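Colleague: Here it is, the structure, as structure tokens.
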Amino acid sequence: MMAGLVQILLGLLRFGRFVALMPYPVISGFMSGIGVIIIILELPPLLGVDSPGGGVLGTLRSLPEIFSQISPAAASLGLGTFMLVLFWPRRLTAVLPSPLVALILGTVLAAFLLPGVPTIGLIPQGLPTPHLPVIDWSALPVMVQSALVLAVLGMIDTLLTALVADNLTESEHRPDQELFGQGIGNFLAGIIGGIPGAGATMRTVINIQSGGRTRLSGMIHALILLAFVLGLAPLAAHIPHAVLAGILLKVGFDIIDWHGLRQMAKAPGEGTVFMGIVFVLTVLVDLITAVGVGLFLSAILTLDRLSQFQLANIEAIVDGDSPHLTAEEKELLQRAGGRLVFYRLAGPFSFGAAKGMVRRLSRGDLYDALVLDFSEVPFLDTSAARAIEDAIQRTRRAGKIVFLIGLKERPRRLLERMGALAGLPLDAIRENRTEAIRAALDELGLGHEEAAKNRPAKGGQG
């Protein structure tokens, strides 16, 4: 119930959009990994052998034993089911979904011709009795920790399943709505002694393959499960494991991102490496580790590229040779004779570029005046603001001139909070670029009067 409440809160705070921003290599690696997991885990029941346990690794280690104990009847039934769902005509899917046809035919065939094939067996019936939980205050810290873990795991599992569905249906889900609904479901499940639930990739893919496209298909799914719990369980008891395995084997093949794997072979690169890492970790370790590592690597790569882009938007101008300056501004910078450096900054700046900003802006120490143009900077984060503060304070400690131009509200507020603007004269922060450069020249003693003294007389040597 606590995990459900946390998920409701996450939905209200719109945390779902962060999972929806997951990069394609991570989604592709996750999808292919889930597909391979399904295929591996369904091999024992497909061949009529008891699952050895131990997950994927346990099944892989037991493959020699599994193949030595194959049940010909179960294997024939399972492979026949797989071939049926594989070659079922698509035009018939909307009327008769292939998994449903395979389930009915396989169950009937096993009941009359293959009586020894393992089946699901008895399923408990009836509804649980609602009861309110008993809170043990001494265990509350552990309960809160477990609730947070369950909520986050459920969020990731559900929203990744939703992304898989998006890829299959070329649609777009609402992540925060999914979280809110799942939280309500988990909260109510706790009242009747249920365990936390999340999105199920296998059932979702089967639903889509069977023609399901709206919320109505999920509601019908739940009602049919309720019908089995209330009285139809004896019918499900006769379904062979091999038939279910044959259906799920096809699901596993469908979940694999074959398009991504083909791109992986044709266009190797960082994305391909990340896809491969996520795939291997999903199969051999676990989903959360795979997604975490994939996101970390993708974030590092994105951060590196963004920092390079941001640093490329820092232009140091000394002699006025820049297409971004007016003719008057070029003339003013040429008049400075190399004593003034003008930095034009463009775009947002984040912590990834902070170190490079310190290195580039430190070149201002070589000049007598530093002019920073923020006219095209909509955003600074704390690290980037710290780099700018360092450049300003270092230049001022050296007794040199500093002017800032075009500071927008958000960057200015951050720099003020950090104390980067403390001690600067009021006229050191300007809106007009030309006036700021002219004021810096006046401070250097290179204003109009000084320029007139140094200007060659008419008719003199040009």
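Colleague: Considering only residues of the stretch 406-428 that are under 22 Å from residue 333 (Cβ atoms) and touching a helix residue (DSSP H, G or I) at 6+ places or on another chain (Cβ under 8 Å), which is surrounded by the most Cβ atoms within 10 Å (Cβ to Cβ)? Working first, answer last.
Modeller: From the stretch 406-428, those under 22 Å from residue 333 (Cβ atoms) are 406-407, 424-425, 427-428; that's our starting set.
Remaining after also requiring touching a helix residue (DSSP H, G or I) at 6+ places or on another chain (Cβ under 8 Å): 406-407, 424, 427.
Values: 406: 19, 407: 22, 424: 16, 427: 11.
It comes out as 407.
Colleague: If I filter the stretch 282-301 down to residues being hydroxyl-bearing (Ser, Thr, Tyr) and surrounded by 15 or more Cβ atoms within 10 Å (Cβ to Cβ), which single residue comes out as modelled with the highest pLDDT? Don't jump to the end; show me each part of the working.
Modeller: The first filter runs over the stretch 282-301 and keeps only residues hydroxyl-bearing (Ser, Thr, Tyr), leaving 282, 289, 298.
Okay, now just the ones that are also surrounded by 15 or more Cβ atoms within 10 Å (Cβ to Cβ), so 282, 298.
Numbers: 282: 89, 298: 83.
If we take residues in the stretch 282-301 being hydroxyl-bearing (Ser, Thr, Tyr) and surrounded by 15 or more Cβ atoms within 10 Å (Cβ to Cβ), then 282 is modelled with the highest pLDDT.
Colleague: Out of (1) closer than 26 Å to residue 284 by Cβ; (2) of a type in the set (A, V, I, L, M); (3) modelled with pLDDT of 90 or more, what's the single condition that is false for residue 34?
Modeller: (3)
Colleague: So, one more: Please enumerate the residues belonging to the stretch 18-48 that are part of a loop (DSSP other than H, G, I, E, B) and touching a residue at least 24 places away in the same chain (Cβ under 8 Å).
Modeller: Filtering the stretch 18-48 for residues part of a loop (DSSP other than H, G, I, E, B) gives 21-23, 47-48.
Listed by number, the residues that qualify are 22, 23, 47, 48.
Colleague: Kindly provide the set of residues from the stretch 386-407 that are of a type in the set (A, V, I, L, M, F, W, C), at pLDDT 85 or above and more than 16 Å from residue 359 (Cβ to Cβ), ordered by number.
Modeller: Passing the criteria: 401, 402, 403, 404, 405, 407.
Colleague: Which helices (runs of 4 or more DSSP H) does the stretch 310-402 wholly contain that include 3 or more residues that are among the aliphatic types (A, V, I, L, M) and in contact with a helix residue (DSSP H, G or I) (Cβ under 8 Å, 6 or more places away or on another chain)?
Modeller: Once the helices (runs of 4 or more DSSP H) in the stretch 310-402 are filtered for at least 3 residues that are among the aliphatic types (A, V, I, L, M) and in contact with a helix residue (DSSP H, G or I) (Cβ under 8 Å, 6 or more places away or on another chain), what remains is 354-361, 382-397.
Colleague: Can you work out which of the residues in the stretch 84-131 that are part of a helix (DSSP H, G or I) and touching a His at 6+ places or on another chain (Cβ under 7 Å) is nearest to residue 188 (Cα to Cα)?
Modeller: Within the stretch 84-131, the first condition is being part of a helix (DSSP H, G or I), and the residues that meet it are 84-87, 90-92, 98-113.
Those still in the list that are touching a His at 6+ places or on another chain (Cβ under 7 Å) too: 107, 111.
Details: 107: 34, 111: 38 Å.
Residue satisfying both the conditions and the ranking: 107.
Colleague: Quick one: residue 242 ticks every box in (1) at pLDDT below 80; (2) assigned by TED's automatic domain parsing to the domain that holds residue 165 except a single one, so which number is it?
Modeller: Only one criterion in (1) at pLDDT below 80; (2) assigned by TED's automatic domain parsing to the domain that holds residue 165 is unmet by residue 242, namely (1).
Colleague: Condition test on residue 163, is it among the aliphatic types (A, V, I, L, M) and part of a helix (DSSP H, G or I)? Walk me through it before giving the result.
Modeller: On the way: among the aliphatic types (A, V, I, L, M): yes; part of a helix (DSSP H, G or I): yes.
So residue 163 passes the test.
Colleague: Which of the residues spanning the stretch 166-197 are surrounded by fewer than 20 Cβ atoms within 10 Å (Cβ to Cβ), hydrophobic (A, V, I, L, M, F, W, C) and either assigned to a helix (DSSP H, G or I) or under 24 Å from the mean Cα position of the chain (by Cα) (or both)?
Modeller: Residues satisfying the conditions are 168, 180, 184, 187, 188, 189, 191.
The values are calculated or read from the model by the stated rules, or taken from the named source; none is laboratory data. Treat the numbers as computed from the prediction; the structure is a model and nothing was measured. FYI the Cβ positions are ideal-geometry reconstructions off the backbone, even for glycines, and counts take in every protein chain you see.
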